[in-house]
Amino acid sequence: MKITRLLDWIILLIGIVSTSLATTYVYKKNLKEDQLRFDYETKAIIRRIQNRMQTYESALIELRAFLRNTPDFSKERIKSFIHDTQIIDRMPGLTGIGYAEIYRKNENYSSSVIILEPQNKRNQRALGFDMYAEPLRRKAMDEARDYNHAVMSDAVILVQENVGENFLGFNLYLPHYRKGADITTMEGKRKALLGFVYSPFRAGELFKAALQDVNLVLDVEIFQGEYAKNKVYFDSHPGEEEMKLVKFTEMMINGRKLIIRTAPLPDFGLASSKLKTSLVFIGGMFLTLILYYIYFITRKQIQIAHVATQEKEKLLQKEKEHVAARDDFLSIASHELKTPLTSLKLQAQVMLRAIAKKDQSVLTPERITNLVKQIDSQTTRLTRLVDDMLDISRIRTGRLKIEKETVDLTEVILDVVERLKPQFQNVTGEIPLLEIQQNIHGNWDRFRLEQVITNLLTNAIRYGNGKTVTVKTAVENTCAKICVIDQGIGIAKENRARIFDRFERAGMSANEVSGLGLGLYITNQIIKAHGGSIHVESEPGKGSTFIVELPLSDERQPVSKS
Ligand code: ADP
C-alpha cells in the first residue's frame, strides 16, 4: 500500500518535473529566438539611421564639390546649383542646405551664413548668423575643419526655431577649403579653410523621417551622447514601456555618439511572453493530470479486481472449511448417536435372552436397576444431542425464541450445579467453588440461561483436567457478569475466536473428548439474543475463563413470546 502511494507521488512528480523542464526549455528557446529577431530589428534601425546620415552627408559633399570647382561662386550661383540639381528634393527629410563663410581677423574667427536654401521664413532667420560664436557649433566646426569630415554638432536649438519651440536639433558641417591648398596637415587645413557647407536638422523630425517607411515593431528612443531625459532626440512611442529585452546600442555618427534604446512593442509578438510560456506550463500540467488520472483509475481497477479475487478465494476457502467442518460434524454426530444406541441394544438383547431362558442369575433386581439407569442416562444424553441439533436448526432459520421473565441468577446457577453434581463428583470429586453475588435479577429467558450455564460448566468438567471449577457472578454497570473458571487444558490463542463458530472444535479429535462443537455456538447465539456478549481468556495448560456479560434489562430487546 505504502509503495503504491510512493509510486503515485513519483509519477506525479515526474509529470511536474518534466512539465517544468519542458516549460523552461520552450521559454529559453523562445527567448533566444526573440533575442535574435530583436537584435536583427535593432540593427536594421541603426542601418537606416546611418544610411540617412550618409545621404545628407553626400548632399553636403555635392555642394562642396560645386563650390570648389566654381572659384567665383556667388549666392545666386549656389542657389541655382541647388535648384538645378534638385538636391533638396532628392534628399528626403532635408530641410535646408547652405553655406557659411569664415572670416579671420588675426587669430580670431567669425562666421556668417550667407545662404540657406530653400529660402523660407524659418531658414531666412539663420542668414547672417555667426555660428562660430556659439561654443557647441564652434566645437563641431573646428572638428570638421581639422579632420576634413562631416561633423555633427551637439544638441542645440536651431536659430530657425520660433520663440518657445524647444526642439533639439543639430547642424552637420562639412569644411570647404581653398582649391589647390595643401590640406594634408592640420595647419594646412586651418589656413585653407574658407567656410562650411552645412545642413540644420530638427533631430526629432530627421529620425522620424528616417524610420518613416519602416514597420516599427520596436520602441526606439535616440539620445545624444548619453541616456538622459534632457538628451532625447527622438522617441518613437512616447510612454510605451516594455521592460523585457531592452537594448542600448551606441553608435558613432559624424563624430558624435548616439545612444539608441530599443525595446519590443506588443506588435513584436514576444514568443517568450508570459502567456505563451504559461500556456505550455498549463498544457503540460493538464496532460500530467490526465495521465495521472488514467494511471490512478487503472491502478484502482486493478486493485479492485485484486481485492475481488482475494475475497473470492477467501469465500471459497471458508466454504471448503465449512464443508469439511460439516463433514466432521456428521461423522461425529453419527458416532455420538450410534455409541449409546449400540450399547443399549446390546444390553436389551442380553436381557431378552435371559428372559427367554428364565436365567435368574441375569434377571437380578440390581442388574435390572442398572440397565434402567443406563437407559435413563443414555436417553438424557441423546435428548441433549438432539436438542442441540434442533437449536442449531432454530438458530439457522431464526426461530430461536427467547422468552424473557425476571430471573434470579443465583437460583439458576444453584439449580444447574445441583443437576450436574453427579458429574462434578465423578470428575473433580467436588462441587464447583461458588463466588456468587446474591440478588442479581435480570430480564432473561430462564431456560436458555440454564442452557448457557450448563454448557459452560459441562465444558469446564470435560476440559478441566479434573481440577476445581469456580463460578463467579457480579454486577458491573448495567450488566450481570458471569465467569466460569477452570484449570484445565486451556485454549490456544488462534482458536479462541473460532470456538464460538458452528461445528468448531479447538484442535480436538472425536476420540479425545466427545462433543459436537455446537455448545459454544449455541451459547453465543443465546447470549447475543439477550443483547450480551461472551469471550474467553485462557492460557494453554493452565485453564480458561469464560466471561459472559448480560444486560440486566434491555429495552431494545423485546421479549418474544411463542
Ligand atoms: P464441544 O465441547 O462439544 O466440542 P463446544 O462448542 O462446547 O463443543 O466447544 C467447542 C470447542 O471449544 C471444544 O471442542 C474445545 O476444543 C473448546 N473448549 C470449550 N470449552 C473449553 C474449556 N473450558 N477449556 C478448553 N477448551 C474448551
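The values are calculated or read from the model by the stated rules, or taken from the named source; none is laboratory data. These figures come from a predicted structure and were not determined experimentally. Cβ: placed from backbone, ideal geometry, glycine included. Neighbour counts: every protein chain shown. Just the protein is used for accessible areas: all its heavy atoms, side chains included, with ligands, DNA and RNA removed. Shrake-Rupley method; radii C 1.70, N 1.55, O 1.52, S 1.80 Å.
Hydrophobic, long helices, defined as DSSP H runs whose alpha-carbon span along the helix axis is 27 Å or greater and whose mean Kyte-Doolittle value is at least -0.5, occur in the chain at 2-69, 274-357.
Want the number for ASP327 to ILE14: 0.36 nm per residue separation, take away the alpha-carbon distance, what's left?
So the chain would gain 107.0 nm between ASP327 and ILE14.
The DSSP beta bridges internal to the chain are antiparallel in roughly 95% of cases.
Percent of C-alpha pairs per 10 Å bin in segment 1-67, short distances first: 17, 17, 15, 14, 11, 9, 7, 5, 3, 1. Charged neighbours of ILE87, selected by a Cβ distance under 10 Å, balance to -3 (K, R count +1; D, E count -1).
Spatially, segment 372-442 and segment 43-66 are offset by 128 Å when compared through their Cα centroids. Using only alpha-carbon positions in segment 39-185, the gyration tensor eigenvalues give semi-axes of 24, 19, 18 Å once each is multiplied by 5 and square-rooted (largest first). Given their separation in residues at 0.36 nm each and the Cα-Cα distance between them, SER377 and ILE282 gain 25.5 nm when the chain is fully extended. When the listed pairs LYS43/LYS139; LYS229/LYS257; LYS79/LYS105 are checked against a 18 Å cut-off, the alpha-carbon distance exceeds it for LYS43/LYS139; LYS79/LYS105. Size of segment 353-438: Rg and Dmax of its alpha carbons, in Å, are 19.9, 60.
Considering only protein heavy atoms and a 1.4 Å probe, what is the carbon-and-sulfur percentage of the accessible area of the chain? That share works out to 56 percent.
Per residue, segment 170-310 exposes 54 Å² of solvent-accessible protein surface, assessed with a 1.4 angstrom probe and all protein chains in place. Taking a ≥ b ≥ c as the square roots of the eigenvalues of the Cα gyration tensor, segment 396-527 is oblate, since a/c reaches 1.5 or more and a/b is not larger than b/c. Per-residue extension of 0.36 nm, minus the Cα-Cα distance of SER80 and HIS535, leaves a gain of 150.8 nm for this segment. Per residue, the solvent-accessible area of segment 16-150 (1.4 Å probe, heavy atoms of protein chains only, all protein chains present) comes to 56 Å². Sorting 91-104, 340-353 by average packing, meaning the other beta carbons within 10 Å per residue, from highest down gives 91-104, 340-353.
Each label was represented as a point 7 Å from its Cα along the Cα-to-Cβ direction; for GLU101 and LEU291 these points are 8.6 nm apart.
Assuming a viscosity of 1.002 mPa s and a temperature of 20 °C, what translational diffusion coefficient in µm² per second does Stokes-Einstein assign to segment 139-239, Rh being the Kirkwood radius over Cα pairs? Write out the running numbers ahead of the final one.
Numbers: Rh = 15.5 Å.
My calculation gives 138 µm²/s for D.
Shape call for segment 376-423 from the C-alpha gyration tensor, a ≥ b ≥ c root eigenvalues: rounded (a/c under 1.5), prolate (a/b greater than b/c) or oblate? Oblate, because a/c is 1.5 or more while a/b does not exceed b/c.
Can you pick out the pairs among LYS421/LYS542; LYS314/LYS528; LYS208/LYS247 whose Cα atoms lie more than 31 Å from each other? Beyond 31 Å: nothing from the list.
Rolling a 1.4 Å sphere over the protein heavy atoms, what is the accessible area per residue of segment 325-369, to the nearest Å²?
Each residue of segment 325-369 exposes 72 Å² on average to a 1.4 Å probe.
Packing, taken as the mean count of other beta carbons within 10 Å per residue, orders the peptides 453-465, 152-164 from highest to lowest as 453-465, 152-164. Here the convex hull built on the C-alpha positions of the chain has a volume of 323 cubic angstrom per residue. Across segment 193-241, the convex hull enclosing all Cα atoms gives 112 Å³ per residue. For LYS320, the lysines whose Cα falls under 24 Å of its own Cα, not counting residues fewer than eight places away in the same chain, are LYS312, LYS493.
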